[in-house]
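One structure below.
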Amino acid sequence: MFTKTIKAEELPVALERFVHKALAWADQYPLVSYYNPNNIPYPHNGFKHLLAVSAGKPLELDQDNVLDSMRGKLTEQHGLWCGYISYDLKNQIEKLSSQNNDGIGFPLAFFFEPEVYLYFNDSTVTIYSTAQSINTILDAILSTKAPAAGSPEKVQVQQRVSPEKYKANVAQVKQHILEGDVYELNYCIEFFAEDADLQPLPLYLALNKASPTPFSGYMKYNDKYLLCASPERFLKKEGRKLISQPIKGTIKRGKTPEEDAQLQHQLRYDEKELAENMMIVDLVRNDLSRSCSTGTVQVEEMFGIYGFRQVSQMISTITGELKPANDLVDALNGAFPMGSMTGAPKISAMQIIEGLEDTKRSLYSGTFGYITPENNCDFNVVIRSIQYNASSRYLSFMVGSAITYDSNPDQEYEECLLKAQAILKVLAQD
């Protein structure tokens, strides 16, 4: 392994421009993962600022038995892993199935070990390479033209579910709640475009510029792409410590500091939003307790209000300590999929979701992240994200909200549109 740390002032271009050049250089490879925290302060920090590439093949995971296959490889000596687990891994964790339409075609899980990866911070760039010399990589990056953020010219976005059908389905969820099947359910709808001709990397840069978040990312898996502007962490592992930070509660940003403060205050004391958040906190505590030692699962922060470019969110932080006999795979098995994207009770919610939704979630509400050689990890929740298949030219993104018995269908629909706003804007639809 070759490694070299370069001070930012030693680079012949500004650091931000170097990062963009590195992204364009990386985009020539078939396998790319980029993680960008956007320098946003966040409890337990956001992603590491990391770019990883490989000209080889993904890790060979048994797609019919993903977690056991991962465990087998993670117990051996390994390098950095970059990739994702899609929402439909739920079908292997519980007795569930998914028959809805999938226009993108991502496999159930995907990880690769990069041949080259770069860590960026405010003052340095550190480059790791298993084969090429660092100077060869540096020369290649610096000779690559930096891409500009850009929106596609002709993408006709359609809505899979009409406003009328959406509201009727919310009414169905409320009936399920009344009958005791669930007490909260995350219902999602798809926006899509067919024959979408676009450049994924410039579009990601436009999305990240419009909506910078602490768990932003860009992934290329041959002809399939993820363009992610997620504000939410699913699971971070630091040694024996697990950290989960579910988001439940959303409100628009104000046009003035005074209006913004008033809206955030409104969110912090909204009884429905507080109830939603509390339900999911209880669910996450239960999920973490499956793999953590008794008495170690704690709520570090309840109902924290955090502002992002498009919206303010209510975020809670739950931590725990893994049992001595348990590992990262046990933690994933106990907590996946994340309760903020299902509802509670989780299994009943997921069963109802399959009947209500028209689109297979695939990577949406799955998780994108990385695993270190020490088996630490950081994984986000894939929301506020575009999925794109360059071969079929199919583009998809989904949005949703948590439905409780107190939900107003019109307000829930408006919340979905609010969450879609940044993506529609960069697709030149708004």
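Rule-based calculations on the coordinates, nothing more; no lab input. Please read these numbers as outputs of a predicted model, since none were measured by experiment. Neighbour counts are summed over all protein chains in view; Cβ atoms, including those assigned to glycine, are modelled from backbone coordinates with ideal geometry.
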Take region 303-430, compute every pairwise Cα distance, and split them into 5 Å bins from 0; I just need the percent in each bin.
2, 7, 13, 20, 20, 16, 12, 6, 3, 1, 0
Would you mind putting 44-51, 99-106, 366-373 in packing order, based on average other-beta-carbon counts within 10 Å, highest first?
366-373, 44-51, 99-106
Magnitude of the Cβ-charge dipole (Lys and Arg +1, Asp and Glu -1) of region 2-426 about the Cα centre, nearest 20 debye, reported as 700 debye
Please give the length that would be gained between His265 and Ala8 if that part of the chain were fully extended, namely 0.36 nm times their separation in residues minus their C-alpha to C-alpha distance (nm, one decimal).
88.5 nm
Across all directions of projection, what mean area in square nanometres is found for the Cα convex hull of the chain?
20.1 nm²
If the convex hull is drawn through the Cα atoms of region 46-194, its volume per residue in Å³
214 Å³
Label-point separation in nm, Ala149 to Asp195, each point 7 Å along Cα→Cβ:
3.0 nm
Descending principal axes extents, region 245-363, alpha-carbon based, whole Å
51, 38, 24
Which residues in region 140-165 have a backbone N closer than 20 Å to a point placed 7 Å from the Cα of Lys272 along the Cα-to-Cβ line?
162-165
Rounded to the nearest whole Å³, what is the per residue volume of the convex hull around the Cα atoms of region 310-349?
112 Å³
When region 77-123 is reduced to its Cα atoms, the Kirkwood hydrodynamic radius in Å
13.8 Å
Check each of the trypsin sites (Lys or Arg not before Pro) in region 111-179 and keep only those in coil by DSSP with at most 11 other C-beta atoms within 10 angstrom; list them in order.
Lys145, Lys154
Filter on Lys73/Lys220; Lys21/Lys255; Lys4/Lys57; Lys7/Lys57; Lys145/Lys419 - keep pairs with C-alpha separation over 30 Å:
Lys21/Lys255; Lys7/Lys57; Lys145/Lys419
Net length gained if the chain between Ala131 and Asn45 were fully extended (0.36 nm per residue, minus Cα distance):
27.8 nm
For the chain the mean separation of alpha carbon contacts under 8 Å (6+ apart) over residue count, i.e. relative contact order in percent, is 24 percent
Among Glu238, Glu276, Glu190, which one shows the highest mean-square fluctuation when the chain is modelled as a Gaussian network with alpha-carbon springs under 10 Å?
Glu238
Compute the acute angle (0 to 90°) between the alpha-carbon long axis of helix 271-289 and the principal axis of greatest extent of the alpha-carbon atoms of the chain; round to the nearest 10°.
60 degrees
